[in-house]
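Asker: Here's a structure for you.
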Amino acid sequence: DSGVTQTPKHLITATGQRVTLRCSPRSGDLSVYWYQQSLDQGLQFLIQYYNGEERAKGNILERFSAQQFPDLHSELNLSSLELGDSALYFCASSVAGERTEAFFGQGTRLTVV
Amino acid sequence: EDQVTQSPEALRLQEGESSSLNCSYTVSGLRGLFWYRQDPGKGPEFLFTLYSAGEEKEKERLKATLTKKESFLHITAPKPEDSATYLCAVQANFGNEKLTFGTGTRLTIIP
């Protein structure tokens with residue numbers, strides 16, 4: 001158990017809908033990262049938050065957004081869903097600074113039908 | 001742009017047959033190179049971090065090494081429970097702490 005909790009584990013929704021994925025980081029970790037993993041691609045970095053502020057953006061679509069709350073949990077919002085958004089979405093957390101290992105949650109499997 | 005290439009894509013070994021997985025990388029100043037293990041449908045599990053060329057780290061049957069251009073994950077006398085996808089990732093020295101991942105090596109150990 002990495003200490004990173006993601007909910008829900010599975011999500012099935014229709015095209016055009018909006019969903020919210022939730023992540024609770026490890027105790028003491030200030031950074032939260034979101035990654036997307038689809039069958040034909042490896043883990044793709046979406047976005048990073050550090051202590052409530054957006055720190056870095058990767059290849060995140062405009063239909064996707066995220067935020068980190070004062071209690072450090074994070075949510076990834078996916079809207080106007082398309083079939084191609086079906087993937088595993090992972091959250092990871094780390095302590096910023098010298099120890100930079102990121103620890104991953106078990107993921108949310110999103111299926112868009 | 002940071003890039004990570006892993007080879008081979010897939011590797012089948014007999015139990016006890018040692019081998020190595022390769023990770024070649026291009027990064028604008030390396031802060032760290034990371035190895036993760038991922039089981040099907042699960043999140044990546046952290047294994048090692050390497051920071052500078054010449055560094056080595058070991059854990060049970062796994063040993064990771066680092067040069068200026070590549071890293072190797074050596075697996076000695078593997079067991080069926082070592083079957084998984086092994087992912088390599090790099091973190092650049094400048095800017096944010098994002099990880100750039102390779103596509104992994106799918107390792108299967110046959111009893």
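Asker: If the Cβ limit is 7 Å and pairs must be 6+ apart or interchain, which residue in segment B:89-111 that is away from chain A (no Cβ under 12 Å) pairs with which residue that is of a type in the set (Gly, Ala, Ser) and assigned to a loop (DSSP other than H, G, I, E, B)?
Answerer: What qualifies is B:Leu107/B:Ser83; B:Thr108/B:Ser83; B:Ile109/B:Ser83.
Asker: On to the next question. Mind listing just one residue for me: the one in segment A:51-60 that is assigned to a loop (DSSP other than H, G, I, E, B) and loosely packed, with under 14 Cβ neighbours inside 10 Å and, of those, farthest from the other protein chains (Cβ to nearest Cβ)?
Answerer: To start, the set of residues in segment A:51-60 that are assigned to a loop (DSSP other than H, G, I, E, B) comprises A:51-52, A:58-60.
From the residues that got through so far, the ones that are loosely packed, with under 14 Cβ neighbours inside 10 Å too are A:51, A:59.
Details: A:Asn51: 13, A:Asn59: 11 Å.
Within segment A:51-60, the match that is farthest from the other protein chains (Cβ to nearest Cβ) is A:Asn51.
Asker: Being surrounded by fewer than 20 Cβ atoms within 10 Å (Cβ to Cβ) and of a type in the set (Val, Ile, Thr) is the filter; apply it to segment B:53-84 and report the residue that is nearest to the other protein chains (Cβ to nearest Cβ).
Answerer: B:Thr65
Asker: Do we find a residue being within 13 Å of chain B (Cβ to nearest Cβ), modelled with pLDDT of 95 or more and part of a loop (DSSP other than H, G, I, E, B) anywhere in segment A:65-81?
Answerer: Within segment A:65-81, the subset within 13 Å of chain B (Cβ to nearest Cβ) is none.
So far as segment A:65-81 goes, no, none of its residues is within 13 Å of chain B (Cβ to nearest Cβ), modelled with pLDDT of 95 or more and part of a loop (DSSP other than H, G, I, E, B).
Asker: Sticking with this structure for a sec: Would you pick out the residues in segment B:4-52 that are surrounded by fewer than 13 Cβ atoms within 10 Å (Cβ to Cβ) and at pLDDT below 95?
Answerer: Answer for segment B:4-52, where residues must be surrounded by fewer than 13 Cβ atoms within 10 Å (Cβ to Cβ) and at pLDDT below 95: B:Ser28, B:Gly29, B:Pro40, B:Gly41, B:Ser52.
Asker: With within 11 Å of the chain's Cα centre (by Cα) and not β-branched (Val, Ile, Thr) as the only criterion, which of A:Phe69, A:Phe90, A:Phe103 stands out? Let's see the steps before the verdict.
Answerer: On the way: A:Phe69 fails: within 11 Å of the chain's Cα centre (by Cα); A:Phe103 fails: within 11 Å of the chain's Cα centre (by Cα).
Residue meeting the stated conditions: A:Phe90.
Asker: Out of all the residues in segment B:48-70, is one or more closer than 20 Å to A:Phe103 by Cβ, among the polar types (S, T, N, Q) and out of contact with any helix residue (DSSP H, G or I) (no Cβ under 6 Å at 6 or more places or on another chain)?
Answerer: Just the residues of segment B:48-70 that are closer than 20 Å to A:Phe103 by Cβ, to begin with: B:48-51, B:57, B:59-60, B:62, B:64.
Narrowing the set further to residues that are among the polar types (S, T, N, Q) leaves B:49.
Narrowing further to those that are out of contact with any helix residue (DSSP H, G or I) (no Cβ under 6 Å at 6 or more places or on another chain): B:49.
Yes: segment B:48-70 contains one or more residues that are closer than 20 Å to A:Phe103 by Cβ, among the polar types (S, T, N, Q) and out of contact with any helix residue (DSSP H, G or I) (no Cβ under 6 Å at 6 or more places or on another chain).
Asker: Here's a follow-up. Taking A:Ser80 as meeting all but one of (1) under 28 Å from B:Val4 (Cβ atoms); (2) surrounded by fewer than 16 Cβ atoms within 10 Å (Cβ to Cβ); (3) of a type in the set (Gly, Ala, Ser), write down the number of the exception.
Answerer: With (1) under 28 Å from B:Val4 (Cβ atoms); (2) surrounded by fewer than 16 Cβ atoms within 10 Å (Cβ to Cβ); (3) of a type in the set (Gly, Ala, Ser) applied to A:Ser80, the lone miss is (1).
Asker: Additional query: Can you confirm whether segment A:77-88 contains a residue that is more than 28 Å from A:Val113 (Cβ to Cβ) and of a type in the set (S, T, N, Q)? Please lay out each step first, then the result.
Answerer: Quick first cut of segment A:77-88, residues more than 28 Å from A:Val113 (Cβ to Cβ) only: none.
No, every residue in segment A:77-88 fails to be more than 28 Å from A:Val113 (Cβ to Cβ) and of a type in the set (S, T, N, Q).
Asker: Go through segment B:9-42 and count every residue that is within 12 Å of chain A (Cβ to nearest Cβ) and touching a helix residue (DSSP H, G or I) at 6+ places or on another chain (Cβ under 9 Å).
Answerer: Residues meeting the conditions: 1.
Asker: Of the residues that sit in segment A:19-50 and are of a type in the set (A, V, I, L, M) and not in a loop (DSSP other than H, G, I, E, B), which one is nearest to the other protein chains (Cβ to nearest Cβ)?
Answerer: Step one: of segment A:19-50, the residues of a type in the set (A, V, I, L, M) are A:19, A:21, A:30, A:32, A:39, A:43, A:46-47.
Next, only the ones that are not in a loop (DSSP other than H, G, I, E, B) stay: A:19, A:21, A:32, A:43, A:46-47.
Values: A:Val19: 19, A:Leu21: 13, A:Val32: 11, A:Leu43: 4, A:Leu46: 9, A:Ile47: 9 Å.
My answer is A:Leu43.
Asker: Oh, and also: Give segment A:9-58 a look and list any residue that's in contact (Cβ under 8 Å) with a residue 60 or more places away in the chain, in contact with a Lys or Arg (Cβ under 8 Å, 6 or more places away or on another chain) and more than 10 Å from A:Phe90 (Cα to Cα), or say none.
Answerer: A:Lys9, A:His10, A:Leu11, A:Ser31
Asker: How many residues are part of a loop (DSSP other than H, G, I, E, B) and either at pLDDT below 95 or surrounded by 11 or more Cβ atoms within 10 Å (Cβ to Cβ) (or both) when one looks only at segment A:8-18? Please lay out each step first, then the result.
Answerer: Within segment A:8-18, the first condition is being part of a loop (DSSP other than H, G, I, E, B), and the residues that meet it are A:8-9, A:14-18.
Cutting the leftovers down to either at pLDDT below 95 or surrounded by 11 or more Cβ atoms within 10 Å (Cβ to Cβ) (or both) gives us A:8-9, A:15, A:17-18.
Here the count works out to 5.
The values are calculated or read from the model by the stated rules, or taken from the named source; none is laboratory data. Keep in mind that what you see is a predicted model, and the values were worked out from it rather than measured. Every residue, glycine as well, gets a Cβ built from its backbone with ideal geometry; the counts of neighbours run over all protein chains shown.
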